[in-house]
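The values are calculated or read from the model by the stated rules, or taken from the named source; none is laboratory data. Model, not experiment: these values are computed from the prediction. Cβ placement follows ideal geometry from the backbone for every residue including glycine, while neighbour counts extend to all protein chains displayed. SASA here: full protein model, heavy atoms, side chains in, ligands and nucleic acids out. Shrake-Rupley method; radii C 1.70, N 1.55, O 1.52, S 1.80 Å.
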Amino acid sequence: RNLAISEAVSAHDLYYAPDPSSQIACSIGGNVAENAGGLHCLKYGLTVHNILALEILTIDGERLTIGAQSLDAAGYDLLALLTGSEGLLAIIVEITVRLLPKPECARVLLAAFDDVGAAGAAVGHIIAEGIIPAGLEMMDNAAIRAADAFVHAGYPTDAAAILLCELDGTESEVADQVAQVSALLNACQATEVRVARDEEERARFWAGRKAAFPAVGRLSPDYYCMDGTIPRRELPKVLTRTAELSEEYGLPVVNVFHAGDGNLHPLILYDANREGEVERVEELGAKILEMCVEVGGTIT
């Protein structure tokens, strides 16, 4: 399991950076096959940026080592080719991961907004200031309510949207960035900005975000998950248009996503037992993804 790696090396003050929401269950082999990201991929990269070598079996049964336990390996970048190849090119039997020292300090800010577009705009302002948070995540009101009811994260359930922004590094570096980001969020019309009081509250803030998908699963019999990535500057426009499409189709859409890199996960709620609803959901999902492409993004 992904999380088992960090647990195994925790005593050495090391950890494995990519942390998909499913990290308590997903396997590191599956992560490599899919090139999984995670809540902290904005600063620390995807799986491909955090592995050093792979042992693989080819279709002929030949065992090969791809990459090396060094900063860089000579020749073609076959390690990147195999990462995300979904089992098509080889079976991965062993993985050498890159471990990082635990940051000296990590703080999470929670910012509440009464407008989803304003929260989206705040994301661009943070990055434009040259600040790269360890994680920058956004949830709309439906996701906030679902997650808070599920894990009691302490979110402001009346907010239209929240941003979770984690800053890590040395104590002085983080203190400076917390002050800078707090001022930015207030300037972007945040109605409330909180800094996690301690490690327990920081973990609780992230627990709500990581539990958002199963939490939303309690809202309706089924949901359909879209996955598109857009330029950050287009977040306000895309979120507003998604809400309009949701209204047009009469299907609720819950937004919870990696705001820092513009990776959206709109969840369309529906009931597959209702005649014709699956077809309408697929049509709405297609329109959302087409919109992602239209604004200069991609289907991930």
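Structural remarks
- Take every pair of alpha-carbon atoms less than 8 Å apart whose residues are at least six positions apart; their mean separation over the length of the chain yields a relative contact order of 17 percent.
- Size of region 222-295 as Cα extents on the principal axes (Å, biggest first): 38, 19, 16
- Per DSSP, loop trypsin sites (Lys or Arg not before Pro) in region 246-298 with at most 15 further Cβ within 10 Å: R274
- Overall shape of region 204-245 was characterised from the C-alpha gyration tensor. The equivalent ellipsoid obtained from it has semi-axes of 23, 16, 9 Å, in decreasing order.
- Measuring nothing but protein heavy atoms, the accessible surface of the chain at 1.4 Å probe radius is 52 percent carbon and sulfur.
- Entry for the chain at q = 0.06 Å⁻¹: log10 I(q)/I(0) = -0.21, Debye formula applied to identical alpha-carbon scatterers, no solvent contribution.
- Sparse-neighbour loop sites [trypsin sites (Lys or Arg not before Pro); region 216-245; at most 10 other C-beta within 10 Å; DSSP]: R218
- Rg and Dmax, both from the Cα atoms of region 177-300 and both in Å, are 16.6, 53.
- 1.4 Å probe accessible area per residue over the chain, in Å²: 47
- With the convex hull constructed from alpha-carbon coordinates only, region 1-66 shows a mean projected area of 5.1 nm² over all directions.
- Kirkwood Rh (inverse of mean 1/r, distinct Cα pairs), region 74-225, angstrom: 17.5
- In straight-distance terms, cross-link reach from K210 covers every one of the lysines whose alpha-carbon lies under 22 Å from its own, apart from those fewer than eight places away in the same chain; here that gives K43, K102.
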